[in-house]
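Worksheet: one structure, shown below.
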Amino acid sequence: MRVLILGGTAEARALAAELDAAGVPVVSSLAGRVTNPRLPVGEVREGGFGGPEGLAAWLAAEGVAALVDATHPFAARMTASAAEAARATGVPLLVLRRPGWREGPGDAWQRVGSLREAAERLAAPMRVFLTTGRRSLPAFAGVPGVWFLARSVDPPEPPVPANAHVLLDRGPYTVEGERALVREHRLDVLVTKDSGGAMTTAKLVAARELGLAVIMVDRPPPPPGVRLVETVAEAARWARGHAG
C-alpha cells in the first residue's frame, strides 16, 4: 500500500527517504512551480491533480493507503484540497509542518496576517529586503517610493515593483552572506514569511545583528480537524502504521 507525499520541501524529501529505507512504497508529488527542483528518492509525480476532485480520483484509482501533506507552510490551497480529497475518499491525512520562527531578544518584528498588510506597512524612502517568493511580488507592485531587493529561486512574473532589483538565488544561506547583502544594498527592512526551518534563518540573524526591522507574515491556519505534526520522525511513524 503506497503513501502519497505532497512535497517540494526539505521535510518531504527527508520523509520520502525514510519511508523508502523502511520498505514503504512512496510517491512524491511536486507541483512543478520551481525549475529544476531537488527530487526525492522513489517515484515522483510532477504537475497538479486538477483540484480536490482530481486528487480524490487519483487517490482512489491508485489505492493510496495514506496521504501526507508536506508542502510549504503557505501552500494553503493545496492543503485545503488535500483535506477535501481525504474526506471524500476516507484516505487518512497528516499535515507535516516544520515549526515556525519565534522572536528572540534583540529582534524587532511586526507580525502581519497577509502580504497585503505587509505592503501597507511600507513607505518611502524604505529600502526593503523582500524574501516572500516570486509569486508574492504583485502584492508589492503598487507601493510608491520604496526600493526592493527581491530574492527568489526563479524569475518572477509581472507585475513586479517598479523599483525592484531581482536576485535569483537558492538557499541555504549564510549569516555572513546575508550581512553582506544588507550592507551592499543599504537595506533597512526585511519582509518575509514565517516559513520556519533552518535553510533561511540566516536573514533573521543578520537583521537582528544589523538592527533591521522585520515584517513577518503569519502562516495561514490549517483546515479544521486536520492532524498536524512538526517532525519527519512523527510523520514517518504515522505513515508506516497506515501503510501496514
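The values are calculated or read from the model by the stated rules, or taken from the named source; none is laboratory data. Fair warning: this is a prediction, and the values are worked out from it, not measured in the lab. Cβ sites come from the backbone with ideal geometry, for glycine too, and all protein chains shown count toward neighbours. Heavy atoms of the whole protein, side chains included, go into the accessibility calculation; ligands, DNA and RNA do not. Shrake-Rupley method; radii C 1.70, N 1.55, O 1.52, S 1.80 Å.
R179 versus (1) basic (K, R); (2) under 30 Å from G23 (Cβ atoms); (3) touching a helix residue (DSSP H, G or I) at 6+ places or on another chain (Cβ under 6 Å): which is the lone unmet condition?
(2)
Go through the range 26-39 and count every residue that is part of a strand (DSSP E or B) and either of a type outside the set (G, A, S) or free of Cβ contacts under 8 Å to residues at least 12 places away in the same chain (or both). Reasoning before the result, please.
To start, the set of residues in the range 26-39 that are part of a strand (DSSP E or B) comprises 26-30.
Pick out the ones that are also either of a type outside the set (G, A, S) or free of Cβ contacts under 8 Å to residues at least 12 places away in the same chain (or both) and you get 26-27, 30.
Of the residues in that region, 3 qualify.
Give the residues of the range 11-27 that are out of contact with any Leu (no Cβ under 8 Å at 6 or more places or on another chain) and either open to solvent by less than 40 Å² (accessible area, probe 1.4 Å) or of a type in the set (D, E) (or both), sorted by residue number.
Hits for the range 11-27 are A16, E18, L19, D20, V24.
Would you tally the residues in the range 40-74 being closer than 23 Å to T132 by Cα, part of a loop (DSSP other than H, G, I, E, B) and touching a residue at least 24 places away in the same chain (Cβ under 8 Å)?
First, pick out the residues of the range 40-74 that are closer than 23 Å to T132 by Cα: 47-48, 69-74.
With the extra rule that they be part of a loop (DSSP other than H, G, I, E, B), the set shrinks to 47-48, 70-74.
Filter again for touching a residue at least 24 places away in the same chain (Cβ under 8 Å), leaving 70-74.
Residues meeting the conditions: 5.
Of the residues in the range 58-84, how many are open to solvent by 40 Å² or more (accessible area, probe 1.4 Å) and either of a type outside the set (F, W, Y) or touching a helix residue (DSSP H, G or I) at 6+ places or on another chain (Cβ under 7 Å) (or both)? Lay out the reasoning, then the answer.
So the first thing to find is which residues in the range 58-84 are open to solvent by 40 Å² or more (accessible area, probe 1.4 Å), and the list is 58, 60-62, 72, 74, 76-78, 80, 84.
Cutting the leftovers down to either of a type outside the set (F, W, Y) or touching a helix residue (DSSP H, G or I) at 6+ places or on another chain (Cβ under 7 Å) (or both) gives us 60-62, 72, 76-78, 80, 84.
The number of residues fulfilling the criteria is 9.
Would the range 215-225 turn up any residue that is part of a helix (DSSP H, G or I), touching a Lys or Arg at 6+ places or on another chain (Cβ under 9 Å) and not aromatic (F, W, Y)?
Step one: of the range 215-225, the residues part of a helix (DSSP H, G or I) are none.
Scanning the range 215-225 turns up no residue that is part of a helix (DSSP H, G or I), touching a Lys or Arg at 6+ places or on another chain (Cβ under 9 Å) and not aromatic (F, W, Y).
Please identify the pairs in which a residue from the range 86-109 that is β-branched (V, I, T) has its Cβ atom under 6 Å from the Cβ atom of a residue that is not in a strand (DSSP E or B), counting only partners at least 6 apart or on another chain.
From residues that are β-branched (V, I, T), the pairs are T89/A56; T89/L59; T89/A60; V91/L59; V95/P222; V95/V226.
Of all residues in the range 204-224, which are open to solvent by 70 Å² or more (accessible area, probe 1.4 Å) and more than 21 Å from the chain's Cα centre (by Cα)?
R208, E209
Could you grab the pairs with beta carbons closer than 8 Å, sequence gap of 6+ or different chains, first residue in the range 156-179 and in contact (Cβ under 8 Å) with a residue 24 or more places away in the chain and closer than 20 Å to S195 by Cα, second one open to solvent by 60 Å² or more (accessible area, probe 1.4 Å) and aliphatic (A, V, I, L, M)?
Between residues of the range 156-179 that are in contact (Cβ under 8 Å) with a residue 24 or more places away in the chain and closer than 20 Å to S195 by Cα and residues that are open to solvent by 60 Å² or more (accessible area, probe 1.4 Å) and aliphatic (A, V, I, L, M), the close pairs are G171/M199; P172/A198; P172/M199; Y173/M199.
Tell me, which strands (runs of 3 or more DSSP E) lie completely within the range 85-194 with 1 or more residues that are in contact with a Leu (Cβ under 9 Å, 6 or more places away or on another chain), surrounded by 13 or more Cβ atoms within 10 Å (Cβ to Cβ) and modelled with pLDDT under 95? Break it down into steps so the answer makes sense when it comes.
Working: elements: 93-96, 109-112, 127-131, 147-152, 164-168, 189-193.
Answer list for the range 85-194: 147-152.
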